[in-house]
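These notes concern the structure reproduced below.
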Amino acid sequence: MVRVLALACLFLLLLPACGRERPSAAPPSTTEADPLGGFEEEALSGRIRIDGSSTVAPLMTFAAERFRRDEPAVKVSVGVSGTGGGFERFCRGETDLSNASRQIEDEEKAICKKNGIRWLELPVANDGLSVVVNPDNTWATCLTVEQLKRIWEPGSKVDTWRDLDPSFPDTDMNLYGPGTDSGTFDYFTDAIVGEEGKSRSDYSASEDDNVIVRGVSNEKGSLGYLGLSYLLENEGRLKAVEVDGGDGCVAPAVDTVQDGRYKPLSRPLFTYVNRDALAEKPAVEPFLTFLLENEPQLARGSKFVPMTVAQLDEAKTALEAAGNAE
């Protein structure tokens, strides 16, 4: 009997104590009733639809790629319909964010209001609109605003470089620029021609700045204009023309845009936020917060000019106030 009891005790010692299950490598499940358990933060998911300016697109695409490193379940699509085309879709309620290289116009505001689209304007970076020529162009190193106006104004008779300046060669001037749906087109015509939307029409137009890059880089006598990021990304294929806005020739660059020396072609860039999407789509506000919190690094990484401290503080305050109001 003693031997049997000893064997029984030894067998019990080898079993998990008091019938408990073997500990698992998986963390214990937690419930609201479990005071020792935590609450796992729910992962973000969903889709953010963005369209609009081809100038702003590289910044937003870069931001989306970085954001998805932390939130891989969030799908972010970035279209390039141009600023005007983007606002058309935005005011129909088809997109959550609308990138713009100019501010929304009164007519676009009216369409959004008619369709019940409430929006928030957020600056996201600064840009220097760049006049570019082919690298083989050795003569046009600096142009005045008046010369640029003569090239681009409606009814312009400047067809060769010699038409612009007798010291320039008698080489055809092939022009490339944004289409009429582009905010870059609106900004350039306002700053250079003197009236928004007024431009000669006999040029190769595209809402895709890469088309402008290819055209200018392939033709010796070509000239075009586009955002600074495309100039910086295509070093060797494009040559920047310095612009004399009245205080001497200044090249487009990060520092000249930031300190205001590059004029009149320095400008802020925007994204417009559908307030209903901000309230109803859980991923929209975190994405915008990520964008603003990391704006200096994102802007530099996508070849834009970071916002000033004052601009950034104002944008963060606007987003926070909009989020609290929804």
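Observations on the model:
- Calculated [θ] (222 nm, deg cm²/dmol) that DSSP helices of n ≥ 4 give over the chain, each run adding -39,500 (n - 2.57): -11000 deg cm²/dmol
- A Cβ-based charge dipole, computed about the Cα centre of the chain with Lys and Arg at +1 and Asp and Glu at -1, lands at about 1060 debye.
- Per principal axis, descending, Cα span of the range 62-212 in whole Å: 58, 38, 22
- Taking all protein chains together, Ser266, Ser45, Ser182 sort by accessible area into Ser45, Ser266, Ser182, largest first [probe 1.4 Å].
- Karplus-derived HN-Hα couplings along the range 211-228 (A = 6.51, B = -1.76, C = 1.60, θ = phi - 60°), whole Hz, x at Gly and Pro: 5, 5, 4, 5, x, 5, 6, 9, 10, 4, x, 7, 8, x, 9, 6, x, 4
- Radius ratio Rg over Rh of the range 87-155, counting only Cα atoms, Kirkwood formula for Rh: 1.17
- Within the chain, longest stretch free of exposed chymotrypsin sites (Phe, Trp or Tyr not before Pro) [DSSP loop, at most 14 other beta carbons within 10 Å]: 140-326
- Option label - Cα extents along the principal axes in Å computed here, alternatives (i) 123, 46, 32; (ii) 85, 50, 42; (iii) 62, 40, 39: (i)
- Cβ-defined net charge surrounding Gly179, 10 Å radius [Lys, Arg +1; Asp, Glu -1]: -3
- Note on the range 174-326: Cα convex hull, mean projected area over all directions, 10.7 nm².
- In this simple spin-label model, placing a label point 7 Å from the Cα along the Cα-to-Cβ direction at both Thr308 and Arg47 gives a separation of 4.0 nm.
- Counting only Cα atoms, the size of the range 130-241 along its three principal axes is 33, 31, 20 Å, in decreasing order.
- Trypsin sites (Lys or Arg not before Pro) lying in DSSP loop within the range 130-159, provided at most 11 other Cβ fall within 10 Å: Lys157
The values are calculated or read from the model by the stated rules, or taken from the named source; none is laboratory data. Since the model is a prediction, treat every value here as computed from it, not as a measurement. For neighbour counting, all protein chains shown are included, and Cβ atoms are generated from backbone atoms with ideal geometry for every residue, glycine included. Surface accessibility is based on the protein's heavy atoms, side chains included, excluding ligands, DNA and RNA. Shrake-Rupley method; radii C 1.70, N 1.55, O 1.52, S 1.80 Å.
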